[in-house]
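Q: Below is a structure I'd like to ask you about.
The values are calculated or read from the model by the stated rules, or taken from the named source; none is laboratory data. Keep in mind it's a predicted model, so treat the numbers as computed, not measured. Here Cβ is always computed from backbone atoms with ideal geometry, including for glycine, and neighbour counts include all displayed protein chains. Quick note on the areas: whole protein, heavy atoms, side chains included, nothing else; ligands and nucleic acids left out. Shrake-Rupley method; radii C 1.70, N 1.55, O 1.52, S 1.80 Å.
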Amino acid sequence: MSVSETSGWTPAWTPPSYTVDENGKVVGYINDRKPNNWGRWGELDERGTVNFITEQMVADAARLIETGRAISLAIPLDSQGPVHPSRTGVVHMYGYTGSDFIAGSVANNIYPHFQGSDDYIFMPLQGSTQWDGIAHFFYRDTMYNGFWAGNVEAFGGARRGSIHKMKERLAGRGVLLDVA
């Protein structure tokens, strides 16, 4: 039995026929899908329509505050979700807990009188309240503004289109509708 029969990949795969420039963009790719905002804020823009959120808009929104009441839109994290059915559930594990120290552990000997708990959550990023960067979705090996999908990798993360490019812009006026 060949490797392709057991792993599911096809030996007919061929590398892409395009090149990527020094800015991480696919050379010659034209987005013919309409409407689109590619190039609207420059050829190297990585924010897209978040560019509509200006400092003036945030200042105007701040002047609308009357009570200062915050309303959380967070969703609880647990084994039941919220996770799309195609993904594994949220996994919550503990590295150590108060019980470990009370019962006596190696950590007691290394760090006398120290106690605490340390936990870890493993989950798909789409498992809760979150924002996606432009690097979240690709079409024909490209993402927004023609950046190559290969700019996003497991070890190094997103070199183009990362959510951190929007960190100073995702604030503004919101309208809460209680549709129930």
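Q: Sorted by mean Cβ packing within 10 Å, highest first, what order do the peptides 35-48, 144-157 take?
A: The packing order, highest mean first, is 144-157, 35-48.
Q: Per residue of segment 101-113, in order, report the coupling 6.51 cos²θ - 1.76 cosθ + 1.60 (Karplus, θ = phi - 60°) as ³J(HN,Hα) in whole Hz, putting x for Gly and Pro.
A: Karplus values, whole Hz, x for Gly and Pro: 6, 5, 6, x, 9, 4, 4, 4, 6, 6, 10, x, 6.
Q: Continuing with the same structure: With +1 on the Cβ of every Lys and Arg and -1 on the Cβ of every Asp and Glu, and nothing else charged, how large is the dipole of segment 81-180 about its Cα centre, in debye rounded to the nearest 20?
A: 520
Q: So, one more: Per residue, how much accessible area does the chain have with a 1.4 Å probe, in Å²?
A: Per-residue value: 78 Å².
Q: Per the helix-only calculation at 222 nm, which mean residue ellipticity applies to the chain, given -39500 (n - 2.57) for every DSSP H run of n ≥ 4 and division by its residues, nearest 500 deg cm²/dmol?
A: Helices in the chain give a 222 nm mean residue ellipticity of -3000 deg cm²/dmol.
Q: Can you pull the Rg over Rh of the chain, Cα-only, Kirkwood?
A: Rg/Rh for the chain comes to 1.09.
Q: Which value results for Rg/Rh of segment 74-180 when Rg is the Cα radius of gyration and Rh the Kirkwood radius based on the inverse mean 1/r?
A: Over the Cα atoms of segment 74-180, Rg/Rh equals 1.13.
Q: Please list, in chain and number order, the residues 5+ apart from Y96 or on another chain whose amide H is under 5 Å from its amide H, with Hs placed from the backbone.
A: D118
Q: Go through Y18, W148, Y29 and say which Cα lies farthest out towards the positive end of the charge dipole of the chain; charges sit on Cβ, +1 for Lys and Arg, -1 for Asp and Glu.
A: Y29
Q: Continuing with this model, one more query. By average Cβ neighbour count within 10 Å, what is the ranking of 15-27, 107-119 from highest down?
A: 15-27, 107-119
Q: Let me ask something else about it. Whenever you get a sec, compute what percent of the accessible area on the chain sits on carbon and sulfur atoms (1.4 Å probe).
A: Ligands and nucleic acids excluded, carbon and sulfur reach 57 percent.
Q: If amide H atoms are built 1.01 Å from N in the plane of the peptide, which residues on other chains or at least 5 residues away come under 5 Å of the amide H of T142?
A: So T142 has HN proximity to A149.
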